[in-house]
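Read through the structure below, which is laid out as structure tokens, and then see the notes.
Read-outs: derived from the displayed coordinates by stated rules, not from any lab. What you are looking at is a predicted structure, and each value in this text was computed from that prediction instead of being measured. Ideal geometry is used to build each Cβ from the backbone, glycine not excepted, and the neighbour counts take in all protein chains shown.
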Amino acid sequence: MAQWQPLNREQALAARDFSRAGETFIDHKGQVHEILYATLTPLGYQVYVSPQAIHHLSQHAIAARHQMEIPHLLNNPDLIAPNFEFRETHLYYKVITTVLLVVAVHHKAGVRFVATVHKAHKIKGLHEKLLSPNDFLYIRGGFKWKKWK
């Protein structure tokens, strides 16, 4: 398996792994998804993107505008934190210009996959003290997470 390294937007797009394209998995709602490509993350696991996820994202303005950024958001996030409500869901945060984007990555039966992308005003659960910096799974050096508290 390849070892993770941070990539810029163009490199992340070029590094998408299509080796399992066409295989299927069952999502957290019991729906069948087909793998389109995978992206390696700082946590050392692959996250799968499906055509169904891309279709879902295309229906939401902010997500549709950034859907080509998904490989970069997953490969080179500013912060990865668990969702305090569902610890198996990892939230990948990335600041693009002045917007904090979040990719929600669900986990089911050993498969991690993109569920959605949305804009955030803060790191989910941090301000409410339901999550602490000790819970962060990854933080890019220099990321000013307190700004988004």
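For the reader, a short list of remarks on this structure follows.
- For residue 128 and residue 116, the difference between the fully extended length at 0.36 nm per residue and the C-alpha to C-alpha distance is 2.1 nm.
- For the range 117-149 and the range 32-46, distance of Cα centres in Å: 23
- Taking θ as phi - 60° and the Karplus parameters 6.51, -1.76 and 1.60, the scalar couplings of the range 97-104 work out to 6, 10, 9, 8, 9, 10, 10, 8 Hz in sequence order, x denoting glycine and proline.
- Near the amide H of residue 96, within less than 5 Å, lie the amide hydrogens of 101, all on another chain or at least 5 residues away, with H placed in the peptide plane.
- The chain, relative contact order [Cα under 8 Å, separation at least 6], %: 21
- Amide N of the range 4-25 lying under 17 Å from the label point, which is placed 7 angstrom from the Cα of residue 54 along Cα→Cβ: 10, 12-25
- In this structure, residue 14 and residue 96 have a Cβ-Cβ separation that, at R0 = 22 Å, corresponds to a calculated FRET efficiency of about 0.70.
- Other residues within the sphere of radius under 13 Å centred on the Cβ of residue 68, judged by their own Cβ, net out at +1 (K and R +1, D and E -1).
- Sorting the Cα pairs of the range 44-147 by distance into bins of 10 Å, from 0 upward, gives 15, 50, 31, 3 percent per bin.
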